[in-house]
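Structure first, commentary second.
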Amino acid sequence: KDGRREKKSYTITPEGKECLERWLHLPVEKDELRYETLLKLFFGSKISYQHNKERVTDFLNNSKQKLETAEEVSDKLLKIIDEDDDHFYYYLTTLFGKHIYKAYINWAEEVNQLLDSKNDGN
C-alpha cells in the first residue's frame, strides 16, 4: 500500500432520507458555540501573561488554518456550483465558516495587542 487509508463510501437508506426530511422541517432548537479558550481567558488574571498569550496565539493560528481550509473548499465549490443544487447550499455553509474564522482572527489579533499593551505597562 502507499500509506493512504481506504476510502469508505456510505449511502443513506430510504428510511434515513425520510427521517432527514422530517428533521429539516423542524424548527432550530438552539445555535450556540462554546469555546474553552474564552472561558479560560475569562479567568486569565489567575495565570501568567505568557500562558494567556500562548493560548490566544494558538487560537489565532488554528483559526487561520481553518479559514484556509474553508476558502479552499469554497473555491472548489464555486467551480462546480452549477453542476448540482446541493453545491449551492454547501457553498452557503462555507461562507459562514469563512466569515466566522475571519472574525476569530480579528478578535485574536486584537486580544494579543491588548495583552502586549498590558504586559508592557507592568
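The values are calculated or read from the model by the stated rules, or taken from the named source; none is laboratory data. Everything quoted here is computed from the prediction, not taken from an experiment. Every residue, glycine among them, receives a Cβ derived from its backbone with ideal geometry; neighbour counts consider all protein chains shown. Note: areas computed on protein heavy atoms with side chains; ligands, DNA, RNA excluded. Shrake-Rupley method; radii C 1.70, N 1.55, O 1.52, S 1.80 Å.
A few points about this structure:
- Computed P(r) (all Cα pairs; the chain; 10 Å bins; percent): 10, 25, 27, 22, 12, 3, 0
- Secondary-structure-derived ellipticity at 222 nm for the chain, considering helices only, amounts to -25000 deg cm²/dmol, per-run term -39500 (n - 2.57) for DSSP H runs with n ≥ 4.
- In the chain, a dipole from Cβ-located charges (positive for Lys and Arg, negative for Asp and Glu) runs towards its positive end, and of LEU95, LEU67, LEU115 it is LEU115 whose Cα lies farthest in that direction.
- Accessible surface computed residue by residue for the chain, with neighbouring protein chains in place and a 1.4 Å probe, gives 88 Å² per residue.
- Among 77-84, 26-33, 48-55, the order from most to least packed when residues are scored by Cβ within 10 Å on average: 48-55, 77-84, 26-33
- Carbon plus sulfur fraction of accessible area for the chain, probe 1.4 Å, in percent: 53
- Cross-link pairs LYS8/LYS64; LYS66/LYS102; LYS64/LYS118 - those with Cα-Cα distance over 21 Å: LYS8/LYS64; LYS64/LYS118
- Contour excess over end-to-end distance, with Cα ends at THR57 and TYR89 and 0.36 nm allotted per residue: 8.3 nm
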